[in-house]
Amino acid sequence: MSNIKNQGKGEGGKAKGKPLRTRFASGRVFFTLCLLPFTFYLSGCRQDMQDQPRYEVYEPSKSFSDGQSSRPYVEGTVARGYRDVNTAYYTGRNATGAGGGAAGPPSGGAGGGGLTPLTSVSANAPNAQGATTGGTQTGGDVNVRGNVAGNVPGAGQTGTPGGVNEFPFAITAKELDRGEERFNIYCAMCHGQTGYGDGMIVRRGFRRPPSLHDDRLRNETLGHFFDVITNGWGAMPDYSEQIPPRDRWAIIAYIRALQLSQNTPAAEVPENLRNQRKPGPGTPTTQGGHQGTGGERTP
Amino acid sequence: MRKPTRPAIYGVMAEFDNPTDVVAATRRAHEEGYRNMDAYSPYPIEALSEAVGHHKERLPLIVLIGGIVGLIGGYALQYYVSVINYPLNVGGKPLHSWPAFIPITFETTVLGAAMAAIFGMLALNGLPEPYHPVFNVPNFALASRDRFFLVIEARDPKFDREATTGFLRSLGAQEVADVEH
Amino acid sequence: MASRVDEPHDDLIHVTPNPVIEPGHTAASVTDKISALVLKRKTPLAWYIGFFISFSLANVLMFTIAYLVTTGIGIWGNNWPVGWAFDIINFVWWIGIGHAGTLISAILLLLRQEWRTSINRFAEAMTLFAVACAGLFPLLHTGRPWLAYWMLPYPNTMNIYPQFRSPLMWDVFAVSTYASVSALFWYVGLIPDFATLRDRAKNRAFKVVYGMLALGWRGSARHWHRYETAYLLLAGLATPLVLSVHTIVSFDFAVSQLPGWHATIFPPYFVAGAIYAGFAMVLLLTIPLRKFYGLEDFITLRHLRNSAKIMLATGLIVGYGYMMEAFMAWYSASEYEGFMLKNRIWTGPYWWAYALLLITNIIIPQILWSKRARHNTAILFIVSLIISVGMWLERFVIIVTSLHRDFLPSSWAMYRPTIFDWSMFIGTIGLFFTLLLLFIRFLPAISIFEMRTILPGAAPKEEG
Amino acid sequence: MPQIFHRSTNTLAKLSIFGSIFVLLFVTWAVAEINRSSWNTGAFDEREQPVQFSHKHHTGDDGIDCRYCHTSVEVSSNAGLPPTKTCMNCHSQLWSDSPYLEPVRASWKENKPIEWTRVHDLPDYVYFNHSIHVAKGVGCSSCHGRVDEMPLVYQAASLQMEWCLECHREPERYLRPKSEVFNMDWQQENALAENKTAEQLARGRQLKAEYKVRPRAILESCSTCHR
Amino acid sequence: MSAEAAADTKTTYNAPSSVGQLGGRALVAGVVALVLCVVGAFVNPAGFWRAYLVGYVFWTGVSVGSLAIIMLHHLSGGGWGVVIRRPLEAAARTLPVMAILFLPIAFAVFTHRLYPWTVPEEADLEIIKHKAIYLNIPFFLGRTVFYFAMWFMLSYFLSKWSLAQDSADDPRERRRLKDRLQNLSGPGILLFGLTVTFAAVDWVMSLEPEWFSTIYGLLIMVGWGLTSLAFAIVTTVVISKDERLAHVYQPRHFHDHGKLLLAFVMLWAYFSFSQFLIIWSGNLPEEIPWYMRRLFGGWGYVAVALVIGHFALPFVLLLSRERKRRARSLVVVALLVLMMRVVDLFWTIAPSVLAMPHHGGGADAAHGGGGMADVVAYVLNFITPIAIGGFWLWWYARELASRPLLPLGDQGLEDALADANGHH
């Protein structure tokens, strides 16, 4: 091309005689025509394989009125394998201690090992399942006990009637570790890592929860803690979706350990562990689980 | 770029109408001591290239190197990709499936050698060279038809415009012309 | 037999009825006559008609491709178990046709066969266009041709490379090497002729275009020497390259385990078949060409006769291949091989294809044993046409009849080409002829400078 | 015969033929680099969200664990996007009047999900599972970068196959103890970068054995990610 | 060419006396080697049979391959063929010797010593039963007789008409003979291809009757062509030592021979590699054992030696133009090729015979079992081909001396002998 240009200059522009416009125009038309076959390549812009005609998790859908592709459980059904018969395990109450409570749990489990409809994703939602269904912020399925805005139950109110007071499974050191980890993820935000109720969210202005080291809470049944995690209590929302039942029990075990750690006379601590004692209350750390508090756990 | 010493013309061109004469004339010029000269013919004449003093050919060596590069490169590529970079088990064949690598190695060898042959030839010939002084002589257009030319260049130490022209005339050239730069 | 392995001076011109160039020509006449084909302004009407027809067909191809890439290769008739069909048949057919070009050019140059001179340029062009047509098919069969560059090993963001143990990948390298080396070989052969055209052209635009293509060629003795060396070396490289390409195409099939494909004879048998089909196409094109353009002086009966002999020889090798396949299928005592054989030639639904194949590819070409047939252009033309059909059928038989009955009887099915299979096939024929017609219109179809070398008196006389 | 071409075309012609190899190499390199660039991959591109949610604030300043919201990351292929309920856990009381949180409250009231803009989107032909990575000691920040320092989340990696393979080929370069998986601060200087320190490699190899990370041949096989 | 000149050349181009001496020495060597072989055969029969088959196939290859090259020359012409036509014709006329030397193989067939399909227990296998129509002793021997009949026929007419050309003074008569030779050569090549293919299947491939390969016939054909070409080159170099003949064989002839040799070497490598790659890729249980037997253990080294000696080395050596043109360096390559041909056949044949179950002793010997038998087996590998070669060469020398060394009536002779100065 450059050769032609040079020549054009050198020869004094022989072509100048012709109307420049038409030459340009026809050249452009020809050029465009030459490019036409290459428009086939535009079909390469399709993203057929990247975006296949199927729903990914949380993908919106036009097929349903609520715009979600993830569908909630059908009302009144129980999935195979999710029939919760162990009342104590799933509700923290004795099978006999049914009903009761100003804000009795909505779980039908109180009926004594009965069916727990999936629609009330309460205690029984296995975590994985919850993740997919809970998917697109299905707020409507959440059971919040009491009034979220406040209206705390009176201090004098008793805990959970019929609450069990023993773990439905053996608590090992492993379970305790798990409980500690889960506590630090879900509970320490408000309750503080040591349970005094001075977590970061509280410091940001959330209503201060009672210290776990209060006498009342130290003497509460295990089932009460389970019920509170499952169904909420006062300002505390329920954590049934975030924490599966087994983890709740593990957390409760850890709470018990915390309570022991703060209320055991030094004399009862074995000699060799006494010096490992870490600073107690009032020095909350909110940095997550990695700053272990293992030293406070009393075997 | 020593402009002052640059000769006034490129050289002197003699025209012949048959291959025998041009070969004879070129040999004579060579015997006479001229070295910076070139002969032009419409088709390859082995004797003519010898007469202008072209003996050694470097091209085969270049082609050999090109082929070896293609051979090693092709095999190394396949070895690197299949054994080192992404060792995938395909059909239970060994990662280093040398029998399967031979066809492509062969192709790259040929490709390397062929490219070396073509571009080596162009490079050694100094092509492309669309502008060349010899094209200034009007009759040179026949060099691609049926005429043969001998050009003695001005940069030859023995070159002398008149004497060389006379010498070329004496060789039986049809026509002798100056070649402008 | 195949080729005359001899020295130029051994050529018994005095006893040969048809020389490679008719007497009376000089360098000037050869130059003027051939370059006039290109530079003469008057284009024959036949050219326009031919171009119109082939360009229309090429457009059929373009529209088919447009529909194909926007819709998907489901518009073809390929379906399980016949996953390869027209696309690969046509690929192998075209690439086979391409072989004769390089072969004529390269092998005959190495063997110093002067008769190649007048047809080599044309044959090389044929190679290029046939390879272009062939390349389309596997490219489109990938389904997403715009991602074809994925088949090349380049540093990509997927950090993944082609699978070099696959013969299909060998194909990519073989065909692209073949295409580029053939194109360069062709171009290098054209350089001196571009110079001739540059010097002959009257029109300034042509002068510039041919001048650029000639790269400033001026016929210097030193240049010629290197040029000849390079050309000879290229011929030496191109010869095994040609053989390797169809060998690798045959590996596409033979490396698998499918009865009817997995046969060790495939490489030589495919190569012979390719040369067979290629020479048939050369004759198919040169016979009308020499007539319309009056090139009987340059493309003499001797060329046609020698091509016919090569066809006969390669056809017999192909026949040998059929025979060995059949014999070994029985000899192997393998149940699957035995079934394949029986199904292919007798009991299967495609028996007619095999029968037709034997008739067109083996039986009819035997007429070439007769000297009289070899000297009759009409017969040669018809036989070449039949061989072209036969070689297409051969690929059909190998591919479709081997696939339609695979190891699992429940998946057996017939293959039916759709209209798009046909339009692509016919369209590539249109594309091929479009390119060929453009070539003979704008480029010298016969190597001018090489014609000059074989004229009497081209060599300088030695004194003493 | 007059000259057709000007003297200067000699250089030009030579350049255009012999220079083409460099042009070709440059173009290949340039195309490869453009493909890798964030312009193509969308990396470092902060996505606008319907709610001005800041991971930097919640994770970095408040120290909320990743799993508080992304509850299923340890047990599911999907990390889990928190429902509005999770927001309301705290924001029922905190900033309950803030106009910034109006969309959240609206979602809560109308029982309609908030439509977040997806940041990390793998092609549909890729199978990816969060839980296995978490279980084998691949930290959040190894892929997602320092989310605790991102006011608006962006994609920190290219998410191209070569990036996946970088770790699948040599997991020891990135593995960390399981207890540190959710620690955003873990070896900050090495996240997302070539990590070949002897210390990391030694620990990585040990962890690889301990966590029974599959051998390279399996991690690299096609069906591990394309199934 | 005038009559006197013709008469003169007739005597000029007679074989030098050295040829006769060579034949005599070859016969002595052959007899001595044969005696040793017979002794060895008693110690290690298996070692003897496999060595015998190797030697037999090699030397038959020289004879039959020569036929093909003669016919190729008749069809294509060219000075290269004119100068080696007579040695090739002489080689083809040694076929009677090879026919007689087939008798030991027939004996081995009858006594079930060489081919598994001749062994009753083996023949009962389903896969071999299927082939019984083809692989049975009478048909096998009948086919061999047919092959030899065809080869005799070709060799007889090619030699006869070639000799007739010498004495034909009328150019038209010569022309007619030339046409006749040409007309025979076309179908002759076809016949050659078919007979050699089936001879290859019968004599070599059926050593492992469950194995098959469609390219096998071509492989043996190319091997035989290569053998006879290399042999013809060696012959020309030897006889060109005679000063009367020195001017006949010019560098350009050797150049052409060298190119042809290179082509054959490449063709052999191409066929061999194609067969290997296809079988290696397919990896089918009925095919791959053939290569397993030949690639692992000590045989792997032989295979590598073949790749180098049968392909790489000759290929590189023959690339050089100068080396092809110099008789002395070309003959080195030709001798290398001849040697590697024996190695190739050994590599092809011996593992099959070792795999044969009925050769317990032989197999042991090959695996280093019995010390004495072992040594004998190795010695036999060398001397058996020499024994056959001795007789072959003796006959060849006689045939070579019986006619002028150049086809005096060939129209291309003048051109072939022309001093090609300025020609390359």
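The values are calculated or read from the model by the stated rules, or taken from the named source; none is laboratory data. Values in this document were obtained by computation on a predicted structure and should not be read as measured data. Counting neighbours? That spans all protein chains shown, and the Cβs are built from the backbone with ideal geometry, glycine included.
The number of residues in segment C:35-82 that are more than 30 Å from B:R145 (Cβ to Cβ) and not in a helix (DSSP H, G or I) comes to 8. For segment E:70-85, the set of residues classified as within 11 Å of chain C (Cβ to nearest Cβ), closer than 15 Å to E:G186 by Cβ and assigned to a helix (DSSP H, G or I) consists of E:M71, E:L72, E:H73, E:H74, E:L75, E:S76, listed by residue number. If you take the residues in segment B:68-107 that are facing another protein chain (nearest Cβ under 7 Å) and hydroxyl-bearing (S, T, Y), which one is nearest to D:R169 (Cα to Cα)? That would be B:Y86.
The selection criterion, being more than 7 Å from every other protein chain (Cβ to nearest Cβ) and hydrophobic (A, V, I, L, M, F, W, C), holds for C:A277.
For B:L168, the criteria (1) at pLDDT 85 or above; (2) in the same structural domain as B:M37 (by TED's automatic domain parsing) hold in every case but one, which is (1).
When the residues of segment D:4-18 are filtered to those that are more than 7 Å from chain B (Cβ to nearest Cβ), more than 43 Å from the chain's Cα centre (by Cα) and among the polar types (S, T, N, Q), the one that is nearest to C:N203 (Cα to Cα) is D:S8. For segment C:114-131, give me the residue count where each residue is touching a residue at least 60 places away in the same chain (Cβ under 8 Å) and either more than 25 Å from C:L37 (Cα to Cα) or charged (D, E, K, R) (or both). The total comes to 3.
Scanning segment C:15-34 for residues that are modelled with pLDDT of 70 or more and assigned to a helix (DSSP H, G or I) returns C:A27, C:A28, C:S29, C:V30, C:T31, C:D32, C:K33, C:I34.
Please verify whether E:I239 is within 11 Å of another protein chain (Cβ to nearest Cβ), in contact (Cβ under 8 Å) with a residue 60 or more places away in the chain and of a type in the set (V, I, T), treating the condition exactly as stated. Don't jump to the end; show me each part of the working.
Values: within 11 Å of another protein chain (Cβ to nearest Cβ): no; in contact (Cβ under 8 Å) with a residue 60 or more places away in the chain: yes; of a type in the set (V, I, T): yes.
In short, no.
Using the structure shown, decide if C:T196 is buried (at least 21 other Cβ atoms within 10 Å of the Cβ), at pLDDT below 90, in a helix (DSSP H, G or I) and hydroxyl-bearing (S, T, Y). For C:T196, the condition - buried (at least 21 other Cβ atoms within 10 Å of the Cβ), at pLDDT below 90, in a helix (DSSP H, G or I) and hydroxyl-bearing (S, T, Y) - is met. Restricting attention to segment D:96-133 and to residues that are of a type in the set (S, T, N, Q) and part of a helix (DSSP H, G or I), the residue that is nearest to the other protein chains (Cβ to nearest Cβ) turns out to be D:S107.
For segment B:123-147, filtered to residues that are more than 7 Å from chain C (Cβ to nearest Cβ) and farther than 26 Å from C:A36 by Cα, the residue that is surrounded by the most Cβ atoms within 10 Å (Cβ to Cβ) is B:P133. Look at segment D:45-60: where a residue is farther than 23 Å from D:F182 by Cβ and a partner is among the polar types (S, T, N, Q) and surrounded by 14 or more Cβ atoms within 10 Å (Cβ to Cβ), sitting 6+ places away or on another chain with Cβ atoms under 8 Å, you get D:D45/D:Q155. For D:V27, the test of being more than 10 Å from chain B (Cβ to nearest Cβ), hydrophobic (A, V, I, L, M, F, W, C) and more than 28 Å from the chain's Cα centre (by Cα) is failed. Against the condition under 19 Å from D:H120 (Cα atoms), at the interface with chain A (Cβ under 10 Å from one of its Cβ atoms) and touching a Gly at 6+ places or on another chain (Cβ under 8 Å), how does D:S77 come out, does it pass? So D:S77 fails the test.
Applying the condition of being of a type in the set (A, V, I, L, M, F, W, C) and in contact with a helix residue (DSSP H, G or I) (Cβ under 9 Å, 6 or more places away or on another chain) to segment C:353-364 and asking which residue is surrounded by the most Cβ atoms within 10 Å (Cβ to Cβ) yields C:L357. In segment E:96-118, the qualifying residues are those that are among the hydrophobic types (A, V, I, L, M, F, W, C) and crowded, with 23+ Cβ neighbours inside 10 Å, and the one that is farthest from C:A333 (Cα to Cα) is E:L114.
Each row is one residue, and each column tells you yes or no for (1) within 14 Å of chain D (Cβ to nearest Cβ); (2) basic (K, R); (3) touching a Pro at 6+ places or on another chain (Cβ under 6 Å).
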residue: A:D177; (1), (2), (3): yes, no, no
residue: A:A188; (1), (2), (3): yes, no, no
residue: A:Y196; (1), (2), (3): no, no, yes
residue: A:G199; (1), (2), (3): yes, no, no
residue: A:P209; (1), (2), (3): yes, no, no
residue: A:R216; (1), (2), (3): no, yes, no
residue: A:N263; (1), (2), (3): no, no, no
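Please determine whether any residue of segment C:275-286 is over 17 Å from the mean Cα position of the chain (by Cα) and either in a helix (DSSP H, G or I) or surrounded by fewer than 23 Cβ atoms within 10 Å (Cβ to Cβ) (or both).
Of segment C:275-286, the ones over 17 Å from the mean Cα position of the chain (by Cα) are none.
No, segment C:275-286 has no match at all.
The condition (being more than 10 Å from every other protein chain (Cβ to nearest Cβ), basic (K, R) and crowded, with 18+ Cβ neighbours inside 10 Å) is satisfied by just one residue among D:K56, D:K136: D:K136. In this structure, E:S206 does satisfy being part of a helix (DSSP H, G or I), surrounded by 22 or more Cβ atoms within 10 Å (Cβ to Cβ) and more than 14 Å from the chain's Cα centre (by Cα).
Select the helices (runs of 4 or more DSSP H) contained entirely in segment E:247-334, then report the ones holding at least 3 residues which are among the aromatic types (F, W, Y) and in contact (Cβ under 8 Å) with a residue 40 or more places away in the chain.
Details: elements: E:251-282, E:288-295, E:299-306, E:313-319, E:321-325.
Ranges flagged: E:251-282.
Based on this model, can you work out whether C:I367 counts as surrounded by fewer than 21 Cβ atoms within 10 Å (Cβ to Cβ) and over 21 Å from the mean Cα position of the chain (by Cα)? Lay out the reasoning, then the answer.
On the way: surrounded by fewer than 21 Cβ atoms within 10 Å (Cβ to Cβ): yes; over 21 Å from the mean Cα position of the chain (by Cα): yes.
It is true that C:I367 is surrounded by fewer than 21 Cβ atoms within 10 Å (Cβ to Cβ) and over 21 Å from the mean Cα position of the chain (by Cα).
C:Y161 meets all of the listed conditions (1) assigned to a helix (DSSP H, G or I); (2) crowded, with 21+ Cβ neighbours inside 10 Å; (3) without any contact (Cβ under 8 Å) to a residue 12 or more places away in the chain but one, namely (1).
How about segment E:193-203: which of its residues are in contact with a Gly (Cβ under 9 Å, 6 or more places away or on another chain) and either outside any helix (DSSP H, G or I) or in contact (Cβ under 8 Å) with a residue 40 or more places away in the chain (or both)? Scanning segment E:193-203 gives E:V196, E:F198, E:A199. Does segment E:389-418 hold any residues that are surrounded by 23 or more Cβ atoms within 10 Å (Cβ to Cβ) and hydroxyl-bearing (S, T, Y), and which are they? Selection gives E:Y396 alone.
The condition of being free of Cβ contacts under 8 Å to residues at least 12 places away in the same chain, closer than 23 Å to E:L88 by Cβ and acidic (D, E) holds for only one of E:D170, E:D179, E:D166, that being E:D179. Within segment E:212-230, the set of residues being more than 9 Å from every other protein chain (Cβ to nearest Cβ) and more than 14 Å from the chain's Cα centre (by Cα) is empty. Examine segment C:255-267 for a residue that is within 10 Å of E:S274 (Cα to Cα), facing chain E (nearest Cβ under 10 Å) and part of a helix (DSSP H, G or I), and state whether such a residue exists. Among the residues of segment C:255-267, at least one is within 10 Å of E:S274 (Cα to Cα), facing chain E (nearest Cβ under 10 Å) and part of a helix (DSSP H, G or I), which makes the answer yes.
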